[in-house]
Structures are given as structure tokens and as C-alpha cells.
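Note sheet for the following structure.
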Amino acid sequence: MNRKEFLRLVSIGVPAGILLPSFLESCRKKELFDGKTYGGKVIIIGGGAAGLYAAFLLLKHNVDVTIFEAQGRYGGRIFPLNGFSDFPIELGAEECHGQRSIWYDMISSTPGISFVDTEVEEDYIMIDGSLKSLSSLSSDPDITAANNLSDNLGTTNIGGDITADQYLQQNHYSNRTHTYLDALFGNEWGTSNDRLGLQGASDEDKLWTSGDVNFYLKNHSFLSILEEKMPEVFAHIQLNTQIQNIDYSGSKIVLTDQVNNIYTADKIIITVPLPILRDGDITFVPPLDSVRTNAFSRIGMGSGLKVILKFSTRFWADNCGSIFGNGLVPEYWAPGVGGTSVENNVLTAFVMGSYAENLLALGTGMVPAILNDLDLMFGGGVATANFVASHRWNWGMDAFTKGAYSFPIPGGSGAREIIASSIGNKIFFAGEATHTAGHNSTVHGAMETGLRAVEELFKSA
Ligand SMILES: Cc1cc2nc3c(=O)[nH]c(=O)nc-3n(C[C@H](O)[C@H](O)[C@H](O)COP(=O)(O)OP(=O)(O)OC[C@H]3O[C@@H](n4cnc5c(N)ncnc54)[C@H](O)[C@@H]3O)c2cc1C
């Protein structure tokens, strides 16, 4: 999640209408839903951004809705770590991508909210054996080539349905920027360059309409925004309820949880993460057709973790945003930057795909190895000497997520449309992986799928 800001849509002259604030878009949706209601029982499976937002919309229209959430908490991949430092640290989603979205509107209309001023941040990169500011490398041809590809991915001719690594090799990108390129592409997309389908990533980039400025909250967690903006939803969640079977063979849909409790609904919205469906953790009667089950495997979602490291003193610049490594971790950042934290003495290691698997293979040696990585960058054994505590969250091992977020793989074209399609006017699919217009893998994208599923549900009623 790099902290670069580039107003690409503005600079290429997108017509003003497309840049209208998204609340106007929300009004349009409101009109669409005006007067709509549904008299049957709706069950939503999964209490993450998609499920919560779908429930919020249904409740606004007086629909009888319950969310079943497998875990003892709601929020899903919105998950703050409180008490580790003097500010809430996000173990999952952390930045609001763009200012034209339902999520941005919710955040920015929350009283007392403030954003980190990313203008003053400086990013660093470990290159040619030393740590340098990225701005000092603005005329370095290898850095320029990497940044150009990142800035222009949507208009780049990839030349085939290949991985990012294959594209970079074919086009002779320098080894000096190998890990930086992983940070910009694979890691950013929730994987590594050996797995990311670059054509799919380019297609997603082309469809992206939310704007390219990233926002970080200085004084709130993402979860607190959900709680503040959708308080009515929480009374309708049943926690610790893992749906294991869905029988939709009769006129009512019958759901069974992990202790064989039975629930019935007229319509359901399934928002569970892709691997839950891909791995058959929920069985269906009748079984899902093979076109859909094959599509589950044509989208990637796998290993990914954040390792949060606290130090007794800050040894990086006060305005340091990202630090791009060239060893074990493609990208670190200081989540307490910009006045978020008084001490600003925490670093987040953001590690996806094969990098995550390599780190996890070290077992208890993982944190010492990360500290050593930082020691090599900052010199003098400073990270190891000042290390206080760490906290890691491995999304690949989270039983109800089983991965970080969905990403394109070669051969995946059209798969999201298939998994997003409803079944028999009574089963609707939402969740970030079902976004078909480039906003997958984000919070606002997940919410947009919740909205789409509710729209479909009303249309089917
Ligand atoms: C490390 C990391 C960093 C990220 N950074 C960002 C970021 O900076 N910005 C951004 O916009 N996005 C980011 N994302 C992505 C974002 O968090 C997700 O796209 C979004 O939160 C997904 O919402 P969702 O509702 O689709 O899924 P989830 O939030 O995963 O919700 C699905 C819910 O379903 C539940 N569930 C699973 N199985 C069952 C079952 N059988 N029965 C009942 N419930 C079940 C799960 O427990 C979960 O609560 C990040 C994600 C990760 C992991």
C-alpha cells in the first residue's frame, strides 16, 4: 500500500461529470431504492464491510434482516489492534483509496475525523546497498521505469495474459528494482509478482473510478467509522455463527450452522471471503454448478500478513511514509506518521504472497529476521537494539478469511462476473472478490457489492 499520490484521472482530463462527489451517486441510488421494501426474511452471511453495508441498506427499507457472522467479532478484514501503541493500528484495511466512494463519504462525514497529511511524507528505498529517499532518485532510469509502469498500468500493452514477473523479465526491468517492483505490483495487489496476472491488474486499473489519492485516518479506526455510521445494524448480527450448509432446494432457504442450528430465509446474501467458497467450507444443496466452482479458482487469494513492530525510539525520519526494502519485506511503513502517534515508534511490515510464505517458514525466527533486514537498512544494529514488541496477523491462517484479498491471476478473465451472479432470484453474492468494475480488494469495493446485491434483491422481489 504505497503512499504515492497521483491524480491520474484529473491529469488526463476526465470529463467533470465523472468527478462529481459520490454523495450525488448515493442520492441516485437512494432514488432507485425509494419506496422499495421486501416482506420476506433476508439472511446475510458474513459481517464484514459488504455484509454490514447490505444490512444497513435493507434496514433503511424496513426489511427483516439478520447477519450471521462466524467469528466473535464483526468487521471481517477491518480489524483494529488497540492498546499496542497510542493509536489504533489496523491489522487489515488501513487506507481509504480515493475520494469518490461510499466509504470516503462515510469517513469524511464522521464528526471529528482528520486525515494524515501525506504531502509532507517522504518515501525511502534500499537500493545499491544503501537507504535513499525516493525523491533523490527522481532521475534514476530504473526507478522511473518502475514508477511509469505503476502510474500507467491501465494503458500499458501487457502483450499477453502473463504474470507480472513474466512481463518484467520480457521487458528487461532492472534487478536493482526487483523488490520495489514487487512492492508496487504483487504486494499492493495482495500477492507477489510471480502470481499476479498483470493483464488482469491492468484491466482493473482501467476500470478504477474512485480517484487515486489515498487517505489515512489520524484519530479513528476504520471499525469505529462503521460503528458510528451504521449503529442500527449491530443489533441484527448474530456472532459465533458459522454457516456450514445452505439448502436452497425448497421454497425457503435452510441454513445450518456449526452446532446444527437451523435457520430459514426467503433470500440470502453471501459475503464470505473467496477461499471459504473455493474450499467448500460451505456446502450447498443442490451443489453449485461447475462453471461457478471453477471460477472460484480463477481468482487468486492467499498468504498475506502484517507484522507490527514497536521500538523504544524512532530511528527513521519523522515524516517517513514507506520504506521499500530489498530483502524479506517489500514494504514497511510508519502507521503513526503525521501526528497520528505522539511517539511514532511503530513500523508495519506489509508482506504478501511468496514473501509472506518465506517469512512464515522462519517460524520463531521471523521477527529477528525482519529486525536484521531493518538493521541492514538503517545500520548499527539499531532495529534489533531498540526492539520492544511485535504483533503479527496472518490472514492466510485466519480460519474465516484464509487469505489477504483477491487478486487477478492469468486465465481469470470473466471469473468475477460469474461468482457475482445470483442464483434463482434468492441467493445473491457480495464481498470484495465479487466486484466486477475494478474496486475489488478494497473496503469501498466490498460496500459497493453489498449495494449491488441489495439492488438485485429488490429487483427480484
Ligand atoms: C492486510 C490487509 C490490508 C488491506 N488494506 C486495505 C486498505 O488499505 N484499503 C482498503 O480499501 N482495503 C484493504 N484491504 C481489503 C479490505 O479489507 C477488504 O476488501 C474488505 O474489508 C472485505 O470486506 P468483505 O465484507 O468483502 O469481506 P470480510 O471483511 O472478509 O467479511 C467476510 C466475513 O465473513 C465471515 N465468514 C466467513 N465464513 C463464514 C461462514 N461460514 N459463516 C458466517 N460468516 C463467515 C468472516 O468472518 C468475515 O467477517 C486489506 C485487507 C487486508 C487483509
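The values are calculated or read from the model by the stated rules, or taken from the named source; none is laboratory data. Note that the coordinates shown come from a computational prediction; the quantities given were computed from them, not determined experimentally. Quick reminder, even Gly has a Cβ in these numbers, built from the backbone with ideal geometry, and neighbours come from all protein chains shown. Accessible surface is based on the protein model in full, side chains and every heavy atom, while ligands, DNA and RNA are left aside. Shrake-Rupley method; radii C 1.70, N 1.55, O 1.52, S 1.80 Å.
One table, with the values for the structure above:
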| read-out | value |
| --- | --- |
| Condition check for G300: of a type in the set (G, A, S), closer than 30 Å to S413 by Cα and in contact (Cβ under 8 Å) with a residue 60 or more places away in the chain | yes |
| Enumerated helices (runs of 4 or more DSSP H) restricted to the stretch 98-206, each holding at least 3 residues that are touching a strand residue (DSSP E or B) at 6+ places or on another chain (Cβ under 7 Å) and crowded, with 19+ Cβ neighbours inside 10 Å | 102-108 |
| Of all residues making up the stretch 232-284, the number that are of a type in the set (V, I, T), surrounded by 15 or more Cβ atoms within 10 Å (Cβ to Cβ), over 22 Å from the mean Cα position of the chain (by Cα) and within 24 Å of G412 (Cα to Cα) | 1 |
| Test result for L305, within 16 Å of the ligand (Cβ to nearest atom) and in a helix (DSSP H, G or I) | no |
| Within the stretch 69-92, tally of residues that are open to solvent by 30 Å² or more (accessible area, probe 1.4 Å) and near the ligand (Cβ under 9 Å from one of its atoms) | 5 |
| Residue check, G396 of a type outside the set (S, T, Y), in a helix (DSSP H, G or I) and within 16 Å of the ligand (Cβ to nearest atom) | yes |
| Qualifying residue in the stretch 352-363 (condition: more than 16 Å from the ligand (Cβ to nearest atom) and over 20 Å from R195 (Cα atoms)) | yes |
| Per-region count, the stretch 278-326, residues closer than 30 Å to T118 by Cα and of a type in the set (A, V, I, L, M, F, W, C) | 12 |
| Residue check for G51: part of a loop (DSSP other than H, G, I, E, B) and either in contact with a Leu (Cβ under 9 Å, 6 or more places away or on another chain) or not polar (S, T, N, Q) (or both) | no |
| Scope the stretch 38-48; condition away from the ligand (no atom under 14 Å from the Cβ) and either over 24 Å from I262 (Cβ atoms) or assigned to a loop (DSSP other than H, G, I, E, B) (or both); matching residues | Y38, G39, G40 |
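One line per residue, one yes/no per condition, for (1) within 16 Å of the ligand (Cβ to nearest atom); (2) assigned to a helix (DSSP H, G or I); (3) within 27 Å of A164 (Cα to Cα); (4) not assigned by TED's automatic domain parsing to the domain that holds A54:
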residue	(1), (2), (3), (4)
R416	yes, yes, yes, no
I419	yes, yes, yes, no
F428	yes, no, no, no
G438	yes, no, yes, no
G445	yes, yes, yes, no
R452	yes, yes, no, no
E455	no, yes, no, no
